[in-house]
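Let me begin by presenting the structure, written as structure tokens, before commenting on it.
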Amino acid sequence: MKNDLVNKLRASRDLSDDELRELIESGRDDDALRSAADAVRREHYGDRVFLRGLIEFTNYCKNNCYYCGIRAGNAEAVRYRLSKEEILACCAEGYALGYRTFVLQGGEDPYFTDDLICDITAAIRKTYPECAITLSIGEKSRESYQRYYDAGANRYLLRHETANPLHYAKLHPEKMSSDDRKRCLWDLKEIGYQVGSGFMVGSPFQTTGDLIADLRFLQELQPDMIGIGPYITHHATPFSDMPSGSAELTLRLVSILRLMFPYVLLPATTALGTLLPDGRERGLRAGANVVMPNLSPTAVRRQYDLYENKICTGEESAQCRQCLEARVKAAGYRVVTDRGDVRR
Ligand code: 5AD
Ligand code: FES
């Protein structure tokens with residue numbers, strides 16, 4: 001029965017809501033699902049795995065998402081910002097390690113005005129004309145997104161977190177809304193960014209219906225990248241008593257996403273690697289084709305504390321590079337150092 005669903009999903013890239021529910025809620029044996037996802041990934045991308053050098057440049061955030069360890073309301077968080085020079089030094093180190101995509105990720109930090117973001121983006125663009133620049137700095141106006149794009153940014157990551165507005169309202173304070181988040185994603189697409197969206201698996205109050213809504217929203221948006229990871233509890237948040245999500249279910253959804261979106265760039269996320277020691281390897285085998293080694297200076301790594309026990313906080317950038325290459329190989333794939341643009 002499950003195999004029929006897998007075959008149908010592979011052939012038509014879609015299932016009815018009832019069928020998706022059955023697959024999402026199905027029991028442990030995901031072998032057929034995983035091998036179908038791997039076959040589709042190999043048809044589109046072979047055994048190649050793309051690297052994205054991640055620079056977490058500020059953990060200041062004006063938002064108060066209930067799940068996140070760097071929420072404004074967490075007074076325990078030790079805050080930091082990298083200077084333009086420090087960010088450029090991270091890029092130089094990443095370039096030497098072979099990275100041709102830099103991801104600048106941060107909280108929604110008003111210190112980084114549009115002028116400053118454009119200045120940093122333009123400097124990276126000038127020094128590394130052949131590299132992709134990805135921004136992941138949250139919700140902004142369309143005008144701001146346009147300015148960053150004009151300064152040289154190519155890609156933007158902004159997870160929709162959950163597509164159901166009622167569920168969204170349970171995870172965020174009143175002044176944030178699912179509509180605003182979706183508006184941002186459509187703006188980014190229209191401007192011409194390669195857009196990444198995604199959601200957490202097993203976030204508090206999430207139902208299978210919510211996950212189906214996430215898949216439906218992604219079908220509408222047709223993003224270039226989809227990042228998913230398990231929700232992981234952080235002790236200094238209003239959700240400190242909520243259990244973490246399941247790695248098993250996250251892996252199942254990675255495979256479902258690969259079958260629904262054969263072309264998509266799909267990272268084996270740090271959150272998955274945090275929940276399971278071989279989580280990223282298993283993510284790759286389930287259909288993922290991107291890894292995002294950390295490029296932030298080791299002095300600040302521990303402070304980008306989104307969730308408990310986040311990995312890669314003690315390692316130097318070069319160590320993460322080595323470590324990930326070994327993991328990718330062990331999983332049966334090959335690291336490549338090109339930009340890794342989406343192949344539709
Ligand atoms: N567990 C897992 N993922 C989290 N994120 C934020 N907090 C957590 C958490 N506690 C994810 C969100 C955000 C991304 C940068 O990190 O999905 O978009
Ligand atoms: Fe950072 Fe393994 S990837 S230590």
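Kindly provide the set of residues from the range 209-239 that are over 23 Å from residue 45 (Cα atoms) and touching a Leu at 6+ places or on another chain (Cβ under 8 Å), ordered by number.
Across the range 209-239, the qualifying residues are 211, 212, 230, 232, 234.
A quick yes/no check of all residues on (1) away from ligand 1 (no atom under 16 Å from the Cβ); (2) in a helix (DSSP H, G or I); (3) without any contact (Cβ under 8 Å) to a residue 24 or more places away in the chain:
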position	(1), (2), (3)
29	yes, no, no
40	yes, yes, no
71	no, no, no
74	no, no, no
93	yes, yes, no
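Criterion first (farther than 18 Å from residue 225 by Cβ, within 15 Å of ligand 1 (Cβ to nearest atom), at pLDDT 95 or above and part of a helix (DSSP H, G or I)) does residue 274 satisfy it?
Working: farther than 18 Å from residue 225 by Cβ: yes; within 15 Å of ligand 1 (Cβ to nearest atom): yes; at pLDDT 95 or above: yes; part of a helix (DSSP H, G or I): yes.
Considered against the rule, which asks whether it is farther than 18 Å from residue 225 by Cβ, within 15 Å of ligand 1 (Cβ to nearest atom), at pLDDT 95 or above and part of a helix (DSSP H, G or I), residue 274 comes out as yes.
Quick one: which strands (runs of 3 or more DSSP E) lie wholly within the range 117-227 and hold at least 3 residues that are within 12 Å of ligand 1 (Cβ to nearest atom), over 26 Å from residue 87 (Cα atoms) and at pLDDT 95 or above?
By residue number, 194-201.
Among (1) in contact (Cβ under 8 Å) with a residue 40 or more places away in the chain; (2) within 21 Å of the chain's Cα centre (by Cα), where does residue 80 come up short?
Every condition holds for residue 80 apart from (2).
Here's a check for you: in the range 324-335, which residue that is outside any loop (DSSP other than H, G, I, E, B) and not hydrophobic (A, V, I, L, M, F, W, C) is nearest to ligand 1 (Cβ to nearest atom)?
Filtering the range 324-335 down to residues outside any loop (DSSP other than H, G, I, E, B) leaves 324-331, 334-335.
Pick out the ones that are also not hydrophobic (A, V, I, L, M, F, W, C) and you get 325, 327, 329, 334.
Values: 325: 24, 327: 20, 329: 27, 334: 27 Å.
Per the stated criteria, the residue is 327.
Within the set of pairs 6 or more residues apart or between chains, which connect a residue that is without any contact (Cβ under 8 Å) to a residue 40 or more places away in the chain inside the range 328-341 to a residue that is not in a loop (DSSP other than H, G, I, E, B) and not aromatic (Phe, Trp, Tyr) with Cβ atoms less than 9 Å apart?
329/335
Name every residue in the range 283-323 that is over 27 Å from residue 41 (Cβ atoms), part of a loop (DSSP other than H, G, I, E, B) and of a type in the set (Lys, Arg), in order of residue number.
Correct list: 302 only.
Residues to consider are 60, 99; find the one that is of a type in the set (Ser, Thr, Tyr), part of a loop (DSSP other than H, G, I, E, B) and over 27 Å from residue 173 (Cβ atoms). Spell out the reasoning first.
Values: 60 fails: over 27 Å from residue 173 (Cβ atoms).
Unique residue meeting the criteria: 99.
Which one of 263, 231 is within 21 Å of residue 206 (Cα to Cα), away from ligand 2 (no atom under 16 Å from the Cβ), touching a residue at least 40 places away in the same chain (Cβ under 8 Å) and not polar (S, T, N, Q)? Outline the logic, then answer.
Details: 263 fails: within 21 Å of residue 206 (Cα to Cα).
Only one candidate qualifies: 231.
With the requirement that a residue be more than 17 Å from residue 49 (Cβ to Cβ) and among the hydrophobic types (A, V, I, L, M, F, W, C), what does the range 84-110 give you? It would help to see each step written out before you state the result.
We begin by selecting, within the range 84-110, every residue more than 17 Å from residue 49 (Cβ to Cβ); these are 84-93, 95-96, 102, 104-110.
Answer for the range 84-110, where residues must be more than 17 Å from residue 49 (Cβ to Cβ) and among the hydrophobic types (A, V, I, L, M, F, W, C): 87, 88, 89, 90, 91, 92, 96, 102, 104.
Charged (D, E, K, R), surrounded by fewer than 18 Cβ atoms within 10 Å (Cβ to Cβ) and closer than 20 Å to residue 199 by Cβ: does that describe residue 76?
Numbers: charged (D, E, K, R): yes; surrounded by fewer than 18 Cβ atoms within 10 Å (Cβ to Cβ): yes; closer than 20 Å to residue 199 by Cβ: no.
Judged against the criteria, residue 76 is not a match.
Return the total of residues in the range 291-317 being within 16 Å of the chain's Cα centre (by Cα) and either among the acidic types (Asp, Glu) or more than 15 Å from ligand 1 (Cβ to nearest atom) (or both).
4
Yes or no: the range 253-268 includes at least one residue that is assigned to a loop (DSSP other than H, G, I, E, B), within 13 Å of ligand 1 (Cβ to nearest atom), within 16 Å of the chain's Cα centre (by Cα) and not hydrophobic (A, V, I, L, M, F, W, C). Outline the logic, then answer.
Residues of the range 253-268 assigned to a loop (DSSP other than H, G, I, E, B): 261-264, 266, 268.
Filter again for within 13 Å of ligand 1 (Cβ to nearest atom), leaving none.
Taking every residue of the range 253-268 in turn, none turns out to be assigned to a loop (DSSP other than H, G, I, E, B), within 13 Å of ligand 1 (Cβ to nearest atom), within 16 Å of the chain's Cα centre (by Cα) and not hydrophobic (A, V, I, L, M, F, W, C).
To keep it simple, each residue is scored yes or no on (1) among the β-branched types (Val, Ile, Thr); (2) over 23 Å from residue 203 (Cβ atoms); (3) buried (at least 23 other Cβ atoms within 10 Å of the Cβ); (4) within 13 Å of ligand 2 (Cβ to nearest atom).
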| position | (1), (2), (3), (4) |
| --- | --- |
| 277 | no, no, no, yes |
| 289 | no, yes, yes, no |
| 293 | no, yes, yes, yes |
| 315 | no, yes, no, yes |
| 319 | no, yes, no, yes |
| 343 | no, yes, no, no |
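Suppose the filter is in contact with a helix residue (DSSP H, G or I) (Cβ under 7 Å, 6 or more places away or on another chain) and under 28 Å from residue 176 (Cβ atoms); does residue 111 pass it? Lay out the reasoning, then the answer.
Details: in contact with a helix residue (DSSP H, G or I) (Cβ under 7 Å, 6 or more places away or on another chain): no; under 28 Å from residue 176 (Cβ atoms): yes.
The answer is no for residue 111.
The values are calculated or read from the model by the stated rules, or taken from the named source; none is laboratory data. None of the values given here were measured: they were computed from a predicted structure. All Cβ positions, even for glycine, are placed from backbone atoms using ideal geometry, and neighbour counts span all protein chains on display.
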